[in-house]
Amino acid sequence: MTGPVARIDLDAMRHNLFRVRELAIGCPVVVAIKANAYGHGLIESAQALVDADAYGVARVEEGLRLRREGISKTIIILEGFSSQAELRLCQGRGFELVIHDLSQITQLENYFKSARTPPELHGHPLLVLWLKVDSGMHRIGIAPEESSDAIAKLRQLPNVKLVGMLTHMANADDRNSDYTTRQLQRFEPCIDTDLQVSIANSACLLNWPQTRVGWVRPGIMLYGASPFSDTTAADEGLQAVMTLRTHLIAVRELKKGDAVGYGSAWRCPEDMRIGVAAIGYGDGYPRHAPNGTPVLVDGKRVALAGRVSMDMITIDLRNVAQARVGSSVVLWGEGLPVEEVAAAAGTISYELFCRLTARVKFRYEGKDLLNHL
Ligand SMILES: *Cc1c(COP(=O)(O)O)cnc(C)c1O
């Protein structure tokens, strides 16, 4: 027996990319595979999503890792570069860098003044750039009123090609907010018609048809989770990709009033059985998941009882009489939507996926997997 295993269904991931194509017909797709493909495995996910038009990562280091693994598709670095040294690493690697701050433009100007910068690379532009406009998220991006100046400056740089403009929506997961429409209204006047555009993340793709223009940038929906708090992946025509599973390592017969786990956060309301499963916050299961958080034991829906420990959780087994040591425990995935677990634990599916630790074993399934080995 092993500890926790995350089974990754690569056919489901491909299905979800197909769903993106259905929603955004004719739009090129950059798949967000940053943060280790939202915890699903960078390289395996990149290979499964080979039909995408580009890969999107947050940082230069993630792009370099894809290149080291021999992956040659266009990579968009969503946070761009942050130093001259990084710029040098980016040259000639097929990266497209997002410029989101005026300081990056100054760095570029200095870079091209430096004697160490080669004049060009085989006749191709040294650097391919996108400009990010802050239409209301107020995290990164150039202010709308500064965008045309920024475009002009970037166009003056030698051996640089500005290819597109993007913006990011702050409230697209809220169907009742008009903020997305307001952000669109702020972005539209900035658009330079010679450039490509990109607006839509998963929530936009699923809920805001006006944003399905130019390049679309799905992330969470590829991994089979809904970005909305009121729907599951299945409701959105998506298939769960990750099933996180472990097993019971002990079954205890406890008496009414017995306390379970640290802080005695659960007391048995009657004589009952408690199951102990091999997973905890040391594997990335959320420590703040409270009593009542759903889990499946032998396919039956039951609930956490007591605090999450580093290596173990404790489970109320009153509704699953057949459970015994070795019984399968599903934390999320097949049969238990990750959105429900996230809601119970006061977080979002994105975080549950990303925080799995190296102690979890990953198993990949999918009929095309063999082609890549
Ligand atoms: C991560 C990311 C996305 C994908 O967002 P989802 O909500 O996961 O679809 C899109 N655009 C940018 C700039 C991102 O950083």
task = Work the Kirkwood hydrodynamic radius out for region 135-218: mean of 1/r over every pair of different alpha-carbon atoms, inverted, in Å.
result = 13.5 Å
query = Under 18 Å from the Cα of residue 34, which lysines turn up, not counting those fewer than eight places away in the same chain?
reply = 73, 132
query = On average over all directions, what projected area in square nanometres does region 1-56 have, based on the convex hull of its Cα atoms?
reply = 4.3 nm²
note = Between residue 103 and residue 15, the FRET efficiency computed from the C-beta separation at R0 = 41 Å comes out, to the nearest 0.05, as 0.50
key: Segment residue 156-residue 255, length gained on full extension (0.36 nm per residue, minus Cα span)   = 28.0 nm
task = Averaged over every viewing direction, what's the projected area of the C-alpha convex hull for the chain? Give it in nm², one decimal, please.
result = 20.7 nm²
ask   = Excluding ligands, DNA and RNA, what is the solvent-accessible area per residue of region 204-292 at a probe of 1.4 Å, expressed in Å²?
value = 40 Å²
remark   = Row for region 10-225, column shape: gyration tensor on C-alpha, a ≥ b ≥ c, rounded if a/c < 1.5 i.e. under 1.5, prolate if a/b over b/c, else oblate; value oblate
ask   = Which percent of the accessible area of region 202-272 is formed by carbon and sulfur heavy atoms (probe 1.4 angstrom)?
value = 47 percent
Built amide H within the under 5 Å cut-off of residue 249, gap 5+ = 276, 277, 278, 326
note = Diffing region 274-291: the Karplus 3J(HN,Hα) column from phi (6.51, -1.76, 1.60, θ = phi - 60°), in whole Hz with x for Gly and Pro, holds 10, x, 10, 10, 7, 6, x, 5, x, 9, x, 5, x, 5, 7, 4, x, 3
ask   = What is the magnitude of the charge dipole of the chain about its Cα centre, with +1 placed on the Cβ of each Lys and Arg, -1 on the Cβ of each Asp and Glu, and no other charges, expressed in debye to the nearest 20?
value = 980 debye
Percent of C-alpha pairs per 5 Å bin, region 242-336, short to long = 3, 15, 28, 28, 18, 6, 1, 0
Karplus (6.51, -1.76, 1.60) ³J(HN,Hα), θ = phi - 60°, over region 345-357, in Hz, Gly and Pro reported as x = 8, x, 9, 10, 4, 3, 6, 4, 5, 5, 8, 4, 9
ask   = Residue separation times 0.36 nm, minus the C-alpha to C-alpha distance between residue 324 and residue 22: what's the value?
value = 104.3 nm
5 angstrom amide H check on residue 364, placed H, neighbours 5+ away = 8
request  = Report, in debye and to the nearest 20, how large the dipole of region 250-373 comes out about its Cα centre when Lys and Arg carry +1 and Asp and Glu carry -1 on their Cβ.
outcome  = 300 debye
message = Show me, for region 215-224, the HN-Hα J-couplings you get by feeding each phi into the Karplus relation (A = 6.51, B = -1.76, C = 1.60, θ = phi - 60°), rounded to Hz, glycine and proline as x.
response = 6, 9, 10, x, x, 3, 5, 5, 8, x
task = Give me the distance in nm between label points sitting 7 Å out from Cα along the Cα-to-Cβ direction at residue 347 and residue 193, one decimal.
result = 4.8 nm
key: Nearby aspartates and glutamates by direct alpha-carbon distance to residue 153 (threshold 13 angstrom, same-chain neighbours under 8 apart not counted)   = 101, 109
ask   = Long-range amide H contacts for residue 307: which residues qualify at under 5 Å (H placed 1.01 Å from N, peptide plane, sequence gap of 5 or more or a different chain)?
value = 262, 265, 266
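The values are calculated or read from the model by the stated rules, or taken from the named source; none is laboratory data. Note that the structure is predicted; figures quoted are calculated from it, not measured. Glycine gets a Cβ as well: all are built from the backbone with ideal geometry, and neighbour counts include every protein chain shown. Note: accessible area is taken over every heavy atom of the protein model, side chains too, but ligands, DNA and RNA are not part of it. Shrake-Rupley method; radii C 1.70, N 1.55, O 1.52, S 1.80 Å.
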